[in-house]
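Visitor: Let me give you the structure first, and then I'll get to my questions.
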Amino acid sequence: MVPPSADKPLLDDLQTLLGDRARAEDFELGLYGKDGSVLEGRPAIVCLPINSEEVRCIVNICGDHKRPFIARGSGTGLSGGAVPVGDPVVIATAKMNRIIEVDLDNRIAWVEPGVLNLDLSTQLKGLGFHFAPDPSSQQVCSIGGNVANNSGGPHCLAYGVTSAHVAAIEVVLPDGSITVLGDLTAEPSGYDLRGLFIGSEGTMGVATKIAVRLTQNPPEVRTLLLDFSDVRDGAAAVSAIIAQGLIPAALEMMDHRAIEVVEAFVNAGYPTEADAVLLVELDGLAGGVENGVEVVRRVAEAHHVGEVRLAADEAERALLWKGRKNAFGAVARIKPDYYLHDTVVPRGKLVEVLEKVYRIADAHNLIAINVFHAGDGNLHPILAYDSREPGVLERVHAAGRAIITASIEAGGVLSGEHGIGLEKRDYMGMLFTEHDMATQDLVREAFDPEGLANPLKILPSGSRCSDSFGQHVPEGAWV
Amino acid sequence: MKKVAVKLGIDSEDLASCVSCGLCLPHCPTYRVTQEESASPRGRIALMRQAESTGLIDQTFVDFMDACIQCRGCETACPAGVPFGSMMETTREALTQQTSYQSWWRRWGYRVLGCPNILTIGSRALAVLQRLKLLPSKLALPKIPLMQAPLVPSGEDVWLFTGCVMDVWMRDTHRATQRVIEAAGAGVRFPDKKAACCGALHVHAGLGEEARRLARRTMSAFPGDAPILVDSAGCGAQMKEYGHLLNTSDAHKFSQRVLDVHEWLVNHLDELPAAHANPPRIAIQDPCHLRHVQQAHDPVRVVLARYADPVILDDEGLCCGAGGAYSALYPDTAAAVRERKIESINRAQVHEVASANPGCLLHLQAGGVRVRHPLEIVDDLMRKDI
Ligand SMILES: Cc1cc2nc3c(=O)[nH]c(=O)nc-3n(C[C@H](O)[C@H](O)[C@H](O)COP(=O)(O)OP(=O)(O)OC[C@H]3O[C@@H](n4cnc5c(N)ncnc54)[C@H](O)[C@@H]3O)c2cc1C
Ligand code: SF4
Ligand code: SF4
């Protein structure tokens, strides 16, 4: 297809650089318009670079043409961060997927941003190491995406989220220069620009190489599945386990509907009649782990647990986790679309907020499903719906807003790990004052004065005067 | 690019069931070797949606659809239960009927599969050319037999399906299968020429009419109700889907009689000769149509474990790149996919690999892998003195 005439000179420049790895075919552009959220946009051009130098040149060409650009990893983001709005050039990092160097002495690996999270850990398995952040999407999400969203995962309860596992990042800045933020020493001097970049969702440039810290595989791992006939007992057990001074490697919760859909997919023997289950993992030295198992068992019994199932071997453990990690997708067995929130509430308020979530969903005639990182109070209420039902989106949005309000009122925050992106951008005002946001905007502007790096994301438009783009999440972006 | 009108006719519930989570991507062989969204299950489904909603397609759409191996690894990986295989088959059939998607030479090639006489003559001609060293070596064909003795029936307990290319090129595998079944105490009978081809490749190519014709013909070759055993994973998968394909009660009944031969053998293991003391390490390559379509890959492990020490490959059943006619149509992608499989085989550190599908066997052999059908291995080992 001939591109719109405005794009032609830009496409020519990009094709001179990348050959057939700069694309503007109609059918193909549509494939880079969505991520894992319910938003959709459309790129002007898609570029598939294979190294840092190509990324640098693409960003320079975009600068010459004053055209926004947006980095994309595996497109599994849940907040529309990788959804192209404002006719941008998509820079897809999928082909930049080499593990460049593994340095066991310093426990560092340099990787390209398109390396898939689980692929890295699989490659390191024989060496006895892994990359600790393990989003449930870990089999497919990219390390570049993890860095951009400062992603978490079940095991981040004990190990910390992505920012704790990234030492340095090579970045192509929005002005087309290339630099390394952070270094490999334990206490880098000066401002922690690495820390600033992590979680910036592609608004401060494109990560082209990442030095990740490697974590030793624990000598002993035990996984328990606890079932409860009342979700409130399960939630109370979560706080009680942590109150014992025990920090499990992971502490996940699923409610009744989640258990049903997950079991339909994995056949792992999840108790489909339970109101809630907790998946608890303990790791470390054998003695400590055995002790932890007993503590968990005692606390669970005090909270009316049904069965305490201890995974017998690695295969059973893997199967239980496979269920948990596929839960979002499995929700499609109930309804074809879902809208997922990511609020964090104080652990002590879990029961209260969960009950509100169910009430809100009922009031809006929607189905709520909860599967979440209970240990750190990170809720993932899923509203399942069918976008083909007329009027359903209004109800979904109203319910979403009510859930966020309830979480913030309980002393929580907007997003635990999925990022703000496009989807939660307009909720920022519920948490931050105008002044807060204007200050954040100044930081962003220091990196990207022209406003070309993933524009319209994170901060509501209007928080910066120079913003020339639309006022709201663009019409038609919700699918 | 020129657009043409097409109605794919995919069930709208199926089309809506993909939530774009991307969890299938790493399990898709074509995505793994290209890292392109257009070569991923999520991308292909999005393309189908675009085509259905606009009613228009162009050549890029056709190319993207044609480059899918139809291994259905994405179906096993998909937590939402998206029925990708049937969506792709529907798409291809619509393209075949409404556009010039399948060229005359491809159609002709598929047609020949259902004609045993032409196939035998053609194969003999190839065998002669091969012996005169007149075939380009890059075709990577196995040693093609010049003449083959017929298969000899030994009873009426079970049927053994023989198929098209497999029977012409790999009849010795059928003989080994027959010996193992007989050792398990059953007599084997063979169908006549009406069961010349199961029609799997035709379904994959979108030649639905031809596939249904072959299915009806094949069914008529298996009177009675003895179990129908299949030692080719691709054919077995197809014959188990006749019920769905023809949607008649006879077809459903027929499909229920079809078993992968290993599924039958696991229930007759005790009748086989005793196991050995020092079983050799053998890696198992799960054919996609056994693992992802029939979900019958475990029986192969159980049967082989009686005589060997089976090693499971660490690539979670990722396709080897054979894909029926795929390796001939897309030799470069097929070879790149195979390279990943070979790396996994190398990590397993074995001397030999077992694969229960003729297409995978030929494709892996062409890549230099030492591989045989599991029952050829079993046949060998069970007859060896301890
Ligand atoms: C089933 C499912 C489960 C999930 N579970 C979790 C979970 O447990 N925890 C969690 O935290 N998240 C989870 N997520 C969300 C998502 O997987 C993570 O946010 C992930 O890190 C995104 O990676 P990606 O490669 O898909 O990034 P994309 O979606 O492609 O992009 C995400 C953001 O990163 C930016 N970006 C991507 N690459 C670069 C780069 N190289 N440089 C600069 N910016 C870049 C993009 O512009 C965008 O803003 C889940 C998603 C799904 C679908
Ligand atoms: S096919 Fe299944 S696994 Fe793949 S993106 Fe769609 S819902 Fe997710
Ligand atoms: S059938 Fe195989 S090649 Fe085709 S999309 Fe699914 S996983 Fe990929």
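The values are calculated or read from the model by the stated rules, or taken from the named source; none is laboratory data. Just so it is clear, the model here is predicted, and its values are computed rather than measured. Cβ atoms come from the backbone with ideal geometry, glycine included; neighbour counts cover every protein chain shown. Side chains are part of the model used for accessible areas, which takes the heavy atoms of the whole protein and leaves out ligands, DNA and RNA. Shrake-Rupley method; radii C 1.70, N 1.55, O 1.52, S 1.80 Å.
Visitor: Away from ligand 1 (no atom under 16 Å from the Cβ) and away from every other protein chain (no Cβ under 14 Å): which single residue out of B:67, B:149 fits that description?
Guide: B:149
Visitor: In segment B:235-285, how many residues are open to solvent by 40 Å² or more (accessible area, probe 1.4 Å) and either part of a strand (DSSP E or B) or of a type in the set (Phe, Trp, Tyr) (or both)?
Guide: 2
Visitor: Only one of these conditions is not met by residue B:133: (1) closer than 23 Å to residue B:382 by Cα; (2) open to solvent by 50 Å² or more (accessible area, probe 1.4 Å); (3) assigned to a loop (DSSP other than H, G, I, E, B). Which number is it?
Guide: (1)
Visitor: Return a yes/no flag: does segment A:329-342 have any residue that is among the basic types (Lys, Arg), open to solvent by less than 60 Å² (accessible area, probe 1.4 Å), assigned to a helix (DSSP H, G or I) and within 16 Å of ligand 2 (Cβ to nearest atom).
Guide: no
Visitor: May I pose another question? When only residues in segment A:391-418 that are in a loop (DSSP other than H, G, I, E, B) and within 16 Å of ligand 1 (Cβ to nearest atom) count, which is surrounded by the fewest Cβ atoms within 10 Å (Cβ to Cβ)?
Guide: So the residue we want is A:414.
Visitor: Suppose we filter A:316, A:290 for residues that are modelled with pLDDT of 95 or more, touching a strand residue (DSSP E or B) at 6+ places or on another chain (Cβ under 9 Å) and within 28 Å of residue A:141 (Cα to Cα); which single one remains?
Guide: Unique residue meeting the criteria: A:316.
Visitor: Does residue A:358 satisfy the condition of being outside any helix (DSSP H, G or I) and in the same structural domain as residue A:392 (by TED's automatic domain parsing)?
Guide: no
Visitor: Still on this structure, please answer the following. Would you call residue B:105 among the aromatic types (Phe, Trp, Tyr) and in contact with a strand residue (DSSP E or B) (Cβ under 8 Å, 6 or more places away or on another chain)?
Guide: No.
Visitor: Could you list, ordered by first residue, the pairs with Cβ atoms under 6 Å in which the first is in segment B:309-331 and under 19 Å from residue B:358 (Cβ atoms) and away from every other protein chain (no Cβ under 14 Å) and the second is within 16 Å of ligand 2 (Cβ to nearest atom) and aliphatic (A, V, I, L, M), at least 6 apart or interchain?
Guide: B:319/B:69; B:323/B:69; B:326/B:69
Visitor: Just one of the numbered conditions (1) open to solvent by less than 40 Å² (accessible area, probe 1.4 Å); (2) over 19 Å from the mean Cα position of the chain (by Cα); (3) within 14 Å of another protein chain (Cβ to nearest Cβ) is not true of residue A:123; which one?
Guide: (1)
Visitor: Looking only at segment A:66-78, count how many residues are in contact with a strand residue (DSSP E or B) (Cβ under 9 Å, 6 or more places away or on another chain) and either surrounded by fewer than 24 Cβ atoms within 10 Å (Cβ to Cβ) or away from every other protein chain (no Cβ under 14 Å) (or both).
Guide: Qualifying residue count for the region: 5.
Visitor: Would you call residue B:78 facing chain A (nearest Cβ under 8 Å), open to solvent by 10 Å² or more (accessible area, probe 1.4 Å) and within 22 Å of residue B:290 (Cβ to Cβ)?
Guide: Yes, satisfied.
Visitor: Among the residues that make up segment A:51-65, is at least one of them open to solvent by 10 Å² or more (accessible area, probe 1.4 Å), within 14 Å of chain B (Cβ to nearest Cβ) and touching a Pro at 6+ places or on another chain (Cβ under 8 Å)?
Guide: no
Visitor: Between a residue in segment B:8-28 that is farther than 13 Å from residue A:141 by Cα and any residue that is within 12 Å of ligand 3 (Cβ to nearest atom) and open to solvent by 20 Å² or more (accessible area, probe 1.4 Å), which pairs come within a Cβ distance under 6 Å, given they are 6 or more apart or on different chains?
Guide: Short answer, once both residue conditions are applied: B:14/B:83.
Visitor: Still on this structure, please answer the following. Would you check if residue B:222 is at pLDDT 95 or above and not in a helix (DSSP H, G or I)?
Guide: yes
Visitor: Let me ask something else. Please indicate, with yes or no, whether at least one residue in segment B:94-103 is within 16 Å of ligand 2 (Cβ to nearest atom), more than 9 Å from chain A (Cβ to nearest Cβ), over 25 Å from residue A:79 (Cα atoms) and without any contact (Cβ under 8 Å) to a residue 40 or more places away in the chain.
Guide: No, that holds for no residue.
Visitor: Limited to segment B:29-63, what total is found for residues that are without any contact (Cβ under 8 Å) to a residue 12 or more places away in the chain and either of a type in the set (A, V, I, L, M) or more than 15 Å from ligand 3 (Cβ to nearest atom) (or both)?
Guide: So the answer is 3.
Visitor: Tell me which of these residue A:316 doesn't satisfy, since it passes every other one: (1) part of a helix (DSSP H, G or I); (2) under 21 Å from residue A:419 (Cβ atoms).
Guide: (2)
Visitor: If you don't mind, another one. Please go through segment A:173-207 and pick out each residue that is under 19 Å from the mean Cα position of the chain (by Cα) and not in a loop (DSSP other than H, G, I, E, B).
Guide: Hits for segment A:173-207 are A:194, A:195, A:196, A:197, A:206, A:207.
Condition check ((1) within 27 Å of residue B:44 (Cα to Cα); (2) within 16 Å of ligand 2 (Cβ to nearest atom); (3) not aromatic (Phe, Trp, Tyr)) across all residues:
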{"residue": "B:66", "(1), (2), (3)": "yes, no, yes"}
{"residue": "B:72", "(1), (2), (3)": "yes, yes, yes"}
{"residue": "B:106", "(1), (2), (3)": "yes, no, yes"}
{"residue": "B:125", "(1), (2), (3)": "no, no, yes"}
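Visitor: When segment A:242-267 is examined, which residues are found to be in a loop (DSSP other than H, G, I, E, B) and either open to solvent by 10 Å² or more (accessible area, probe 1.4 Å) or polar (S, T, N, Q) (or both)?
Guide: Result: A:244, A:245, A:246, A:247, A:267.
Visitor: Still on this structure: Is it the case that some residue within segment A:295-308 is open to solvent by 40 Å² or more (accessible area, probe 1.4 Å), in a strand (DSSP E or B), small (Gly, Ala, Ser) and not assigned by TED's automatic domain parsing to the domain that holds residue A:370?
Guide: yes
Visitor: Across segment A:18-50, what is the number of residues that are β-branched (Val, Ile, Thr), surrounded by 19 or more Cβ atoms within 10 Å (Cβ to Cβ) and out of contact with any Leu (no Cβ under 8 Å at 6 or more places or on another chain)?
Guide: The number of residues fulfilling the criteria is 1.
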